[in-house]
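Structure first, then comments.
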Amino acid sequence: MVKFSREYEASIIPEWKAVFVDYKCLKKLIKRIKIARRDAGPPPLLAAGETGSSYGFSVLDPVRSIAARFAAHHAAASSPEGEEESLESDSGELVRSTDKHEQEFLEKADEELDKVNKFYATQEAELLARGDALIEQLRILADVKRILADHAAASSRRGRGRALGRANSMPPPSPSVNGSSGRHLLSGLASPQSMSDGSVELQQARVAEGAAVAEEVMAALERNGVSFVGGGLAKAKKDGSGKQLMGRAALLQLPATVRIDIPPTSPGRAALKVWEELVNVLRKDGADPAAAFVHRKKLQHAEKNIRDAFLALYRGLELLKKFSSLNVKAFTKILKKFVKVSEQHQATDKFSEKVKRSPFSSSDKVLQLADEVECIFLRHFAGNDRKVAMKYLKPQQPRNTHMITFLVGLFTGTFVSLFIIYSVLAHVAGIFSSTGSPTYMDIVYHVFSMFALISLHVFLYGCNLFMWKSTRINHNFIFDFSSSTALTHRDAFLMSASIMCTVVAALVINLFLRNAGATYTDALPGALLLSTGVLFCPFNIFYRSTRYCFMRVMRNIIFSPFYKVLMADFFMADQLTSQIPLLRHMEFAACYFMAGTFRNQAYETCTSSPQYTHLAYVISFLPYYWRAMQCLRRYLEEGHDINQLANAGKYVSAMVAAAVRFKYAATPTPLWMWMVVISSSGATIYQLYWDFVMDWGFLNPKSKNLWLRDQLILKKKSIYYVSMMLNLALRLAWAQSVMKLHLGRVESRLLDFSLASLEIIRRGHWNFYRLEHEHLNNAGKFRAVKTVPLPFRELETD
């Protein structure tokens, strides 16, 4: 049976760990009480002056001891003096015990109870306020959708009737006039041209039609508590019939204090927002540029944001319910231990009653709101299908299966066996000797290195996942991954082993065909590259959700800074800065196998041409460029945070150092060697400072842990010091570029591959501490649920 303390530690919410009951501390206090009572010895059975047996052990001694304790407890409970000392006072103070250790336990337990109550009350108030705001947003969305749907249906009926009338009396109107009737704005406008093209009658009809929509939408919003500036609606109603149309036109010039805000997270949304602002500025009716558009696309984004906000709210309610139940159970368990050791029954009962009356134990507001959110989500977002609603509200965790573990072992054993076979065959054939074929070595080196580096990075990511899970770092929340589809460490190990098994099997077959004298043997490694097409497989196989997520993140990185930068985006971009050798291998493989050079094995075509060299420069700079653009995007979005500019400067310095090293490789003169030393040293110092201080949170001179930080997840501090030294050593790998090492062709390839592997190992090692620091930041701010921006917001008015 698992002890409750272990179950409790494994069940608490990591981000809220500081506000849970400190069960371990209370257990230590109980142990101290037990030791103090044991050292004090058993109480005497007979009072002083009484006669009794004092010559040894009696069979009746246990009975006498129980009777004496019961009598003492009964006397203390019935005496007035005992009531004054033990009963709880009207001011709410706890029972006061005469024993110092027992009193210390009760005071500590009272502090923990107060801590839990305060946090629960704060979170409950925030969730209730969030729930009210979301319900209000949903009402506004439902009213606007209903009004626009009714108006679209009425417009289509009037359009058909008008078209039939025009067909009998006049030629059809131009497409530019007739094509704008399907788009509506909150201010009654469709586009800048719709107010200037066409006849006067059509313009007046559109104005009246848009004003009618605006009146209905504004009335719906006013019913939900949203006010408007200027009171144009009331003025329009007070004017005469001859001025009714002018009143409606005046109404269009008044900006509503509400608008739909869709964050420009993608280029499409950003372009839509720019277009809306441009149309508002160019409008000829003098309306305020703050007036908001309402159209079908925007309503879809608003509905999605509200749905995601309800999911986040429900997640927060579930966490708060878990917080309440775990703390109630912890108090119950610890009080049972306390009464068993101290025999303070009355004090324990009083404290138990206080726990039961506490808000975190007695309040049912969270339960009621959770039920209400379930009903709302079921009715508005799941089509009254409870199974679909629970799929989103309570996603099922993936079942652990031993099949994945079996496949990992199978592929790993197969890879080791095939690699031994390949090594023996290559040695017998003299492939890697000085007299071997240089063309084969070059082709195999690039293809094998590319897949080997990918496999190594995936394997280290699996190690990261295992360590994050072991230390309870909530990486799925940090990356905004779904727990039902996110990769586990076993999945990552399976992917790594299967990649290497496939690659080595292809190399063995290629070597057999080469020794047999078959033609086009180099096409086999080229065909291996086609296996990367599995990323685009539309079927739900081979981790489709992970593949699509990877492609989405890569799209966001490549088109930086046009996409909003999330944690997963810049984390993946950091991985790419360590995979520059991989990108170079991909460049050569693409050149060699896609340009048709495998027909004549002209290796120099993809190495000596100036276009290839220039492309190599670009590829080496791209990851740093992408990362710098992400920093600039975050600088603009996060209130001009100067740290983002400093972070961008780090990647610019890395680009400068890489350019100088490329120049030194082309012209190895002493001047350029010193330029390499200066630029690379400066970039390395910059990167080390950012690694230790900003990414890991170390080198804090005021920390209680020498030159680390106050909070550490790993128990052994020596691991952090060793990690800092290892990161420092691996950051200095560029020093090999200025050393004149006289190596052979095979040794040079092996050294390059080893340095690339060490950089990936350094990155995998960096990943753990980066997420540890991010997790501690979330825990310090008690962030356990993401905040989804609400689409409808009120504008500030004078």
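The values are calculated or read from the model by the stated rules, or taken from the named source; none is laboratory data. Model, not experiment: these values are computed from the prediction. Cβ placement follows ideal geometry from the backbone for every residue including glycine, while neighbour counts extend to all protein chains displayed. The accessibility values were calculated without ligands, DNA or RNA, using every heavy atom of the protein model including side chains. Shrake-Rupley method; radii C 1.70, N 1.55, O 1.52, S 1.80 Å.
If the condition is being part of a helix (DSSP H, G or I), within 23 Å of Lys3 (Cα to Cα), in contact with a Lys or Arg (Cβ under 9 Å, 6 or more places away or on another chain) and touching a residue at least 40 places away in the same chain (Cβ under 8 Å), then region 330-351 contributes Ile334, Lys337, Val341, Ser342.
Output yes when any residue across region 745-767 is at positive phi and either part of a helix (DSSP H, G or I) or surrounded by 12 or more Cβ atoms within 10 Å (Cβ to Cβ) (or both), and no when none is. Checking region 745-767: not a single residue is at positive phi and either part of a helix (DSSP H, G or I) or surrounded by 12 or more Cβ atoms within 10 Å (Cβ to Cβ) (or both). Of the residues making up region 531-548, just one is under 13 Å from Thr485 (Cβ atoms), open to solvent by less than 60 Å² (accessible area, probe 1.4 Å) and out of contact with any helix residue (DSSP H, G or I) (no Cβ under 9 Å at 6 or more places or on another chain), namely Ser545. Is it true that Asp491 is open to solvent by 30 Å² or more (accessible area, probe 1.4 Å), of a type outside the set (Ser, Thr, Tyr) and touching a residue at least 24 places away in the same chain (Cβ under 8 Å)? Here the answer is no, as Asp491 does not meet what is asked.
Cβ-Cβ distances below 7 Å connect the following pairs, each with a first residue in region 474-486 that is closer than 14 Å to Phe571 by Cβ, a second residue that is among the acidic types (Asp, Glu) and modelled with pLDDT of 90 or more, and a separation of six or more residues or different chains: Ile478/Glu774. Residues that are exposed (fewer than 15 other Cβ atoms within 10 Å of the Cβ) and either touching a strand residue (DSSP E or B) at 6+ places or on another chain (Cβ under 8 Å) or assigned to a helix (DSSP H, G or I) (or both) within region 422-465 comprise Ser423, Val424, His427, Val428, Pro438, Thr439, listed in sequence order.
Remark: pairs (first residue in region 715-744, more than 14 Å from Gln687 (Cα to Cα) and among the small types (Gly, Ala, Ser); second residue open to solvent by 80 Å² or more (accessible area, probe 1.4 Å) and at pLDDT below 95; Cβ separation under 7 Å; 6+ apart in sequence or on different chains) = Gly744/Ser434.
For Asp364, all conditions in the list (1) without any contact (Cβ under 8 Å) to a residue 40 or more places away in the chain; (2) open to solvent by less than 90 Å² (accessible area, probe 1.4 Å); (3) within 28 Å of the chain's Cα centre (by Cα); (4) more than 30 Å from Ser498 (Cβ to Cβ) hold save one; what is the number of the exception? Of everything listed in (1) without any contact (Cβ under 8 Å) to a residue 40 or more places away in the chain; (2) open to solvent by less than 90 Å² (accessible area, probe 1.4 Å); (3) within 28 Å of the chain's Cα centre (by Cα); (4) more than 30 Å from Ser498 (Cβ to Cβ), Asp364 misses just condition (3).
The single condition from (1) open to solvent by less than 40 Å² (accessible area, probe 1.4 Å); (2) at pLDDT 90 or above that Leu636 fails is (1). When Ala779 is tested against the conditions (1) open to solvent by less than 50 Å² (accessible area, probe 1.4 Å); (2) farther than 25 Å from Met655 by Cβ; (3) modelled with pLDDT of 95 or more; (4) not acidic (Asp, Glu), the lone failure is (3). Is it true that some residue in region 400-412 is part of a helix (DSSP H, G or I), open to solvent by less than 80 Å² (accessible area, probe 1.4 Å), closer than 30 Å to Tyr445 by Cα and among the hydroxyl-bearing types (Ser, Thr, Tyr)? Yes: region 400-412 contains one or more residues that are part of a helix (DSSP H, G or I), open to solvent by less than 80 Å² (accessible area, probe 1.4 Å), closer than 30 Å to Tyr445 by Cα and among the hydroxyl-bearing types (Ser, Thr, Tyr).
Could you tell me whether Ala616 is at pLDDT below 95, surrounded by 15 or more Cβ atoms within 10 Å (Cβ to Cβ) and over 25 Å from Ser498 (Cβ atoms)? Answer is yes for this residue.
Does region 504-517 contain any residue that is open to solvent by 30 Å² or more (accessible area, probe 1.4 Å) and either touching a strand residue (DSSP E or B) at 6+ places or on another chain (Cβ under 9 Å) or basic (Lys, Arg) (or both)? Yes - at least one qualifying residue is present in region 504-517.
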